[in-house]
Amino acid sequence: MDQTDKRILETLAENSRATASEISKLVDLSLPAVSERIRKLEENDIIEQYTIRINRSGCGFHLLAMIFVSLAGTAFIDPFRQAVVEFPQVLECHHIAGDYDYLLKVLAAGTDELENFLSQRLKSINGVVKTNTLIVLSTLKESINRPVPR
């Protein structure tokens, strides 16, 4: 991956709807050359997905929480993973080191939905022995990608 590929990635990360034509003008390459580079970036799984950012509050989701989860033992890892990825409230699930086993980023409409998620869904997964929930008051920065070093 060269500097031109990195500039293409930066442009698409900023605006995934940027056209190859627009990008070609920014990187000073022909349209077919840019299209081919984008195709190769996709084929090599450098570009995994094109997406949009949705205004959560505008869609009725007003509560963001981080939930630490401890499991009873390693025998419960696979069932936990299979269950947690099916919950629409879970935006992210990270296996972590430290006092807890997993960190979940959860989006809910409000406290009622969060309480239901914790009590009826998460804590009912076999092997979940402890949770600790932190409510996000405000978000200063949130990115899905880090800029590619040049």
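Since every read-out is calculated from the coordinates, none of them should be taken as a lab result. Keep in mind that what you see is a predicted model, and the values were worked out from it rather than measured.
What number, in nm² with one decimal, is the all-direction average of the projected area of the convex hull of the alpha-carbon atoms of segment 57-135?
Values: hull surface 19.3 nm².
The number I arrive at for segment 57-135 is 4.8 nm².
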Reachable lysines from Lys123, criterion Cα separation under 27 angstrom, eight or more residues apart if same chain: Lys105
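From the mean inverse distance of alpha carbon pairs (Kirkwood) and the Cα radius of gyration, derive Rg over Rh for the chain.
Working: Rg = 20.0 Å, Rh = 18.2 Å.
That ratio is 1.10, to two decimals.
For segment 3-43, take the convex hull of the Cα atoms, compute a quarter of its surface area, and give me that in nm², please.
Numbers: hull surface 9.7 nm².
Hull-based average projected area comes out at 2.4 nm².
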Where the centre of each part is set by its Cα atoms, how far does segment 1-36 sit from segment 41-115, in angstrom? 31
